[in-house]
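Worksheet: one structure, shown below.
Derivation of every value follows stated rules applied to the coordinates shown; laboratory data play no part. These numbers were taken from a predicted model, which means no experiment stands behind them. Heads up, the Cβs are rebuilt from the backbone with ideal geometry, glycines too, and the neighbour counts pull from every protein chain shown.
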Amino acid sequence: MIAEAGMAALWLAATMALLQLALGALAVGRNQPALGRAVAPVAVAQAALVSLAFACLIAVFMRSDMSVLLVAANSHSAKPMIYKISGTWGNHEGSMLLWVTILGLAGATIALFERKLREDTRLATLAAQAAIALGFYVFLLFASNPFTRITGVLEGAGLNPLLQDPGLAFHPPTLYAGYVGMSAAFSFAIGALITRDVGPEFARAMRPWILGAWILLTIGITAGSYWAYYTLGWGGWWFWDPVENASLMPWLAATALLHSVTVLATRGGLRTWTIMLAVLAFSMSMVGTFLVRSGILTSVHSFAVDPRRGLFILILLAIYITGALALFALRARTIAEGTRFELVSREAALVINNLILTVILVVVLAGTLYPLILEAMGGGKISVGAPYFNSVAGPLALALLVLLGAGPLLRWRSDRPRAVIDRMAPALFAGAAMLLLVAAFGGSIGVLPLLGLVVAAIVAAASVAPLWKRDLKRAPLFTWGMVLAHLGCAVSIAGMACDAAFTKENMVSIAANETRDVGPFAVTLLGVRERPGPNYQILEAVLSVSKGGTGAPFEMTPQLHAFTQPQMTTNQAAIETFWNGQLYLTLGENSAGNKFLLRMWWKPFVMLIWLGGMMIALGGMLSLLGRVKRDVWDNRWPWPWPRIDTDKPA
Amino acid sequence: MSRKLILWLPFALMAALFGAFYLGLRNPDDHVIASKMVGQQLPEFAAGPAFAQQPGAASTDFRDGKPRLLNIFASWCVPCVAEIPMLMELKASGAEVVGIAVHDNSDDLARFLATNGNPYSRIGMDQDGKAQIAFGSAGVPETFVVDGAGKIIYQHIGIVTEADKAKLLVMLGIGQ
């Protein structure tokens, strides 16, 4: 019954999306404001129905209802409850339903809370949002039905053990919320192109939505990186896996957009460019979804899928993205040119920021797709790995960071180069101090990590400079947000540079009571024991670790988990965090006789990578809070429902 | 370039990207890794006997003018079990099958052959997988056709099935 109810809710949600699209199009195209009033309630109904469908799917997973094909194929009754629930989106159909649920919720949020946009633009935006949702409903209903029934199955096939991790409960929903939240910016851009409403007012309305999605994307990527770090057991935190790149690309576009929309909102400049980025950011989200869900690439993130589904998603994408870009090309010429600015000005810095971010985006896109394109042309199989990405994107990112330090110290419109250098002086001193510090104590390290550390010091000092000599109590929240986010970039880069420069690694084959060293630690194998876990067998090494060979010993227990359904072994690294780094140990297979493989890493300051990521996200939140607070204060409109302005031109 | 053309640039780039995706979808990612050694002389190797009853295998066994099959297998490999009946049929048709057991041990191997049958004329023990890597083989089971002069002329990846039998026999100069 639950599955049928979910199916019915999904059909109704699709109908609502069609209605929302039709009403919005009529209201804007035929100038029928009366019809427009129904759009927002329909958008809310659509979101409620698709949420209900998703809740039904969670319910059948929780009950381990093996008469539903999706449950039988992906779940198992012996699985702990949290993985039954998170398993709902640990498969193709469920994750697509989550995707469209978030899309519906984003539409409802716009319908409920957006009240700065001109009425006709708001309606066009909601219609665009419905058009996207409609395509994905059709995909779910006809090509990827999550509620299909089967008979005769008593037990499920189980969930990929790599996904049986608390991370799965949070990482995909957060990342998806960020991915799909970008649809708001996309729909805003379409709406504004249709009603020819691209200007500072529009940018101020769009900004909080971009910020919200960007925050979620930042959290999703940071959390995903930490998850990969502790769960895959390779000691790395970013693998340039196509699917990681698929999440990085929308983030890069969104970061560029976030900065260009500021120019548009504050100074009225960069109009065409901002609209293009808004289209691009969500296009990259959709391309990311396609890469993960079409089976075109294999990675930890892909589920085995039918190639016809890939074609279906590809057609949807082609319609939405090329449609949006064609509209952009046709209408962009009618967008009024923005205010001009000098070469040395905050606008110019933000333009260069945008250009560098876009070049990095192209570099990542090219590296991700090159193997695919080469193979499609019959050029054989190759893979593009970390050396390409690090050596091309790394220097670009460092250049971007230097700019990030200088940008907020520049005045709008025009500034004197001399004055900028004066304002940067303390930051340059910090950089020089870091250089001396590394030269004195760092030993010999690579050029890129060295530059990374120096730039991190410069950016850290420069990013707090906007608060310098200011009354801190009166500094607006969004200034605090910017400072924190920029500081987070410096912290994160410092962590990456430390990890690249100072990591100590030792891979050993070790028997009981033997001791091996890694960095400042001595690791002794006390023994290896086996015991049962909830739905797997645990092989656990008991290690006694002491710092410098003399410190108080403590125990660490890296594990191997052998799952039976499906058969697979996963690695559970043991990680011990100190103030100055992490000790990371993973257990390998029994190598010979009574010896076991052990990989050990001492990673100084590696935590800064994720700490920085969280600071960036937190900075975004402060900024969003500051904007919303100011809007609410300005408008004094107490209800989360838009004012209906019938006197405005529709 | 005029502004008008520049504005169509994103459209053109995305359209090209979708074209590439379409081509990519038509060749789905697979896991077949073809050996670069096909068409070349069998690399020098000498794999000792797996156990006393049967001789080991070496590259020098392949130069007497008789084409042979070189089958990479292991007792721990489930698809290899499924493949044995077909190898037995090939043997009955007159083919000589040389086995290379990778990452294996004598006891398991003896049990495997006793249970499933033994189609091999020789079995070399490739304890560390070095011979397998030299052949350019990335998994088990794989079967190479080596001509009488010791040149690898064909690589079959995966289980040998009824459908492959005729083709293999032709390459061995037995069938027509």
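So what J values fall out for the stretch A:137-143 if you push phi through Karplus, 6.51 cos²θ - 1.76 cosθ + 1.60 with θ = phi - 60°, rounded to Hz, Gly and Pro as x?
5, 4, 4, 5, 5, 9, 10
How much length is gained on full extension from A:TRP468 to A:ARG63, taking 0.36 nm per residue of separation minus their Cα-Cα distance?
140.0 nm
Report, as an integer, the average count of C-beta atoms from other chains found within 10 Å of each Cβ along B:4-17.
If you average over the peptide's residues, the count of other-chain Cβ atoms is 6.
Can you show me the helix-derived [θ] at 222 nm for chain B, built from DSSP H runs with n ≥ 4 at -39,500 (n - 2.57) apiece and divided by the number of residues, rounded to the nearest 500.
It lands at -12000 deg cm²/dmol.
Taking 7 Å along the Cα-to-C-beta vector as the label spot, tell me the B:ALA82-A:VAL362 distance in nanometres, rounded to one decimal.
Going from the B:ALA82 label point to the A:VAL362 one covers 4.8 nm.
7 Å from Cα along Cα→Cβ at both A:LEU597 and A:ILE82: what's the point-to-point distance in nm?
2.9
What FRET efficiency comes out for B:ALA16 versus A:ILE352 if R0 is 30 angstrom and r is the Cβ-Cβ distance? Round to the nearest 0.05.
0.65
If we restrict to alpha carbons, what Rg and Dmax does chain B come to, in Å?
That works out to 21.9, 81 Å for Rg and Dmax.
So between A:MET377 and A:ASN506, what do we pick up on full extension, going 0.36 nm a residue minus the alpha carbon distance?
Full extension of this stretch gives 42.3 nm more.
Ranking request for peptides A:410-419, A:529-538, B:133-142: highest mean number of other beta-carbon atoms within 10 Å first, then the rest in descending order.
B:133-142, A:410-419, A:529-538
How crowded by other chains is A:272-284, given as the mean number of beta carbons from other chains within 10 Å of each beta carbon?
Going residue by residue through A:272-284 and averaging, the value is 1.
Which order do the peptides B:87-99, A:431-443, A:63-75 take when ranked by the mean count of other beta-carbon atoms within 10 Å per residue, highest first?
So the order, starting with the most tightly packed, is A:63-75, B:87-99, A:431-443.
Most exposed first by the Cβ proxy, i.e. fewest other Cβ within 10 Å, how do A:LEU277, A:LEU330, A:LEU216 rank?
A:LEU330, A:LEU216, A:LEU277
How much length is gained on full extension from A:THR515 to A:TYR388, taking 0.36 nm per residue of separation minus their Cα-Cα distance?
42.0 nm
Sum -39500 (n - 2.57) across every DSSP H segment of at least 4 residues in chain A, then divide by the residue count to get the 222 nm mean residue ellipticity, nearest 500.
One gets -21000 deg cm²/dmol as the mean residue ellipticity at 222 nm.
Can you give the % of DSSP beta bridges in the protein assembly as shown that are antiparallel, to the nearest 5?
85
Rank by packing, highest mean first: peptides A:478-489, A:193-204, with packing defined as the count of other Cβ atoms within 10 Å averaged across residues.
A:478-489, A:193-204
Please compute, for peptide A:311-323, the average count of beta-carbon atoms on other protein chains lying within 10 Å of each residue's beta-carbon.
Averaged over the peptide's residues, the number is 3.
Percent relative contact order of chain B, based on C-alpha pairs within less than 8 angstrom and at least six residues apart?
Taking the mean separation of contacting Cα pairs over the length of chain B, I get 29 percent.
Can you list, by residue number, the Cys in the protein assembly as shown that have no neighbouring cysteine C-beta under 4.7 Å?
A:CYS56, A:CYS489, A:CYS498
Given labels modelled 7 Å from the Cα in the Cβ direction, how far is it in nm from A:TYR370 to B:ALA149?
3.9
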